[in-house]
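The values are calculated or read from the model by the stated rules, or taken from the named source; none is laboratory data. If you're wondering where the values come from, they're calculated on a predicted model, not measured in any experiment. Note that we place each Cβ from the backbone using ideal geometry, even for glycine, and neighbour counts take in every protein chain shown. All accessible areas refer to the heavy atoms of the entire protein, side chains included, with ligands and DNA or RNA removed. Shrake-Rupley method; radii C 1.70, N 1.55, O 1.52, S 1.80 Å.
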Amino acid sequence: MNATNSTPERGSQSSPSASKTSSGSSSKTTSKTTSKASSAPARSTSTSWFSGRRMNVAALSPDRYARLILSTTRVPFLQVVKTSVAAIVAWVACTLLLQGAPPLFGVIAAILVVQPSVNQSFGKALERCVGVIIGVVLAYFIGVVFGQASWVILLSVIVALLVGWALRLGPTSSVQIPISAMLVLSLGASTPGYAIDRILETIIGALLGVAVNLLIVPPVALQPVHEAVARLGNEVAGILDSLARVLSEPSTASDRTEMLVEARLLTPMRAKAAAALSAGEESLKYNPRRSVHRDLLESDGQLLAMLSVLVTRVTGMARGVYDHYDDELLGEPIVGEIVAELGRASHDLRLVIANAELPGTEPEAAVDDLPALTAPLAIAVPRSEHWVLLGFLLEDLRRIHEELVEATEQR
């Protein structure tokens with residue numbers, strides 16, 4: 001009995017200590033968990049602070065601001081020489097014709113007027129002269145009405161900006177009006193005839209800038225047009241080869257995706273070529289060398305018009321093949337003929353680009369001298385699940401065939 005009763009007593013005595021131990025361990029565990037939880041936000045806050053610090057450092061890096069300031073293209077050295085010549089001639093001419101203050105207005109006008117094209121030079125000269133005339137006249141009347149106080153200069157700047165906005169002038173004239181008014185009131189308020197001299201000085205500098213840009217190797221921006229058109233034609237031929245490769249042998253999804261991405265890149269290339277063509281046309285306006293280069297530019301325009309049609313067709317063909325491709329497509333009898341026709345179209349397109357003889361460009365690959373799109377295409381009845389895609393490809397090939405045959409006959 002005693003042995004039996006003593007066992008529960010020991011158990012009852014040990015249970016409180018065990019409960020104390022368990023409660024103590026649980027409290028320690030809870031406190032550790034709480035401390036970890038409380039330290040987690042501190043670590044996340046410090047991490048976010050450091051990441052924000054790194055982002056701020058990256059935002060303030062010199063390379064980032066250098067990319068904003070520096071240009072990817074350099075101004076032609078010939079234009080630098082022409083601008084320097086225009087500034088020197090304007091300084092000498094204004095000094096000899098107009099006695100008095102240094103001819104700052106004339107030199108600034110000459111520098112701003114020398115542009116990449118003669119047409120742009122005429123536009124800049126007109127904008128500069130209009131802005132100076134309005135600004136000088138406005139400064140004269142404001143000085144007569146309000147006197148020569150210092151706050152009148154600030155008033156003239158505000159009124160000049162409002163006048164430029166009301167007249168809907170361009171950026172050059174709108175900025176030139178307040179600058180001219182401010183300079184006249186601050187530098188020539190007490191000098192008789194200062195305003196009239198500055199108008200004459202600006203006109204002389206602008207005319208000399210146009211003359212220098214017109215007489216010393218007038219710029220002609222045709223080489224970028226030749227290069228852009230030739231590059232676009234070679235890329236279209238490359239997409240035709242990619243389509244033929246996808247339809248002639250088994251391909252993976254990544255191969256077809258790469259083909260579609262390359263085809264879609266033709267659209268921005270076409271836009272770049274069109275922009276280069278517009279710049280080339282502008283460079284020939286009022287240019288004494290336009291008669292020599294007009295035929296070349298017209299040939300580039302015709303070639304780009306043909307390539308624009310091909311870009312639309314080829315991009316659609318690539319998307320159609322990407323969307324409706326399956327392994328059974330290669331088993332269609334007509335697919336082999338389509339592949340052969342794609343190869344002929346690629347060959348003839350390269351032949352057209354080579355026969356265009358675009359200055360400063362070379363054909364991408366050697367091609368035969370004779371066109372390949374001569375034999376009619378034999379059409380077999382496709383399977384029901386493929387007839388939409390194959391009919392779509394055949395119609396695009398027909399349009400490509402017509403464009404290339406017409407371009408070949410014109411050469």
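Both radii come from the Cα set of the stretch 107-173: Rg as radius of gyration, Rh as Kirkwood radius; their ratio Rg/Rh reads 1.07. Each residue, L126 and L167, gets one label point 7 Å from its Cα in the Cβ direction; the gap between the two is 1.4 nm. Divide the volume of the convex hull around the Cα atoms of the stretch 157-231 by the residue count and you get 141 Å³ per residue.
Overall size of the stretch 134-268 from C-alpha positions, given as principal axis extents largest first: 86, 37, 21 Å.
Sorted on the mean count of surrounding Cβ atoms within 10 Å across their residues, most packed first, peptides 219-226, 348-355 read 348-355, 219-226.
For R319, the accessible area of its heavy atoms, probed at 1.4 Å with every protein chain present, is near 100 square angstrom. With the convex hull constructed from alpha-carbon coordinates only, the stretch 244-308 shows a mean projected area of 5.5 nm² over all directions. In plain terms, the bigger the Kirkwood radius, the slower the diffusion; for the stretch 275-359, with that radius from Cα pairs, at 20 °C and 1.002 mPa s, Stokes-Einstein puts D at 134 µm²/s. Phi angles of the stretch 264-280 translate, via the Karplus equation with coefficients 6.51, -1.76, 1.60 and θ = phi - 60°, into HN-Hα couplings of 5, 5, 5, 5, x, 5, 5, 5, 5, 5, 5, 5, 5, 5, 5, 5, x Hz per residue; Gly and Pro are given as x. For R290, R344, the ranking by accessible surface with the largest value first comes to R290, R344, using a 1.4 Å probe.
In order along the stretch 193-202, the Karplus-derived 3J(HN,Hα) couplings, from 6.51 cos²θ - 1.76 cosθ + 1.60 at θ = phi - 60°, round to x, 4, 5, 5, 4, 5, 5, 4, 5, 5 Hz, and Gly and Pro are given as x. Across the stretch 205-216, rounded Karplus estimates of 3J(HN,Hα) from the backbone phi angles (6.51 cos²θ - 1.76 cosθ + 1.60, θ = phi - 60°) give x, 5, 5, 5, x, 5, 5, 5, 5, 7, 9, 9 Hz, Gly and Pro being marked x. Using the Cβ of A109 as centre and a radius below 15 Å, the other residues enclosed give a net charge of +1, where K and R count +1 and D and E count -1.
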